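Okay, so here's the structure we're looking at.
The values are calculated or read from the model by the stated rules, or taken from the named source; none is laboratory data. Small disclaimer: the values here were computed from a predicted structure and weren't measured. Here Cβ is always computed from backbone atoms with ideal geometry, including for glycine, and neighbour counts include all displayed protein chains. Remember, those area values only see protein heavy atoms, side chains included, never the ligands or the DNA or RNA. Shrake-Rupley method; radii C 1.70, N 1.55, O 1.52, S 1.80 Å.
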Amino acid sequence: MANLEQLIGGVDFGEGPRWHDGALWYCDFFQRAIYTVTPDGTRTAVHTGLGDQTSGLGWLPDGRLLVVAMKQQKV
């Protein structure tokens, strides 16, 4: 079995992981933020201070990011 290594820390409740443009994107439900993580472990906050808990990600054909706002039940 391969050895596992922790790539990043500080995730409260990561959700909706998606690979896009060379990075792993995910929502952090409790931090109300969206992050990217590159293969070398660099984590970047893409959107922070969102007014709702995020629970999913997607992209439109033109590249615009879609985010699910759970409590508001909106995209």
- Note on the structure: Over the stretch 50-75, the set of residues among the hydrophobic types (A, V, I, L, M, F, W, C) and either part of a loop (DSSP other than H, G, I, E, B) or open to solvent by 80 Å² or more (accessible area, probe 1.4 Å) (or both) is L50, L60, M70, V75
- Task: Residue by residue through the stretch 10-49, note down the ones that are open to solvent by less than 50 Å² (accessible area, probe 1.4 Å), within 21 Å of K74 (Cβ to Cβ) and not in a strand (DSSP E or B).
- Result: F29
- Task: For residues that are closer than 13 Å to I8 by Cβ and polar (S, T, N, Q), scanning just the stretch 32-75, find the one that is nearest to the chain's Cα centre (by Cα).
- Result: T36
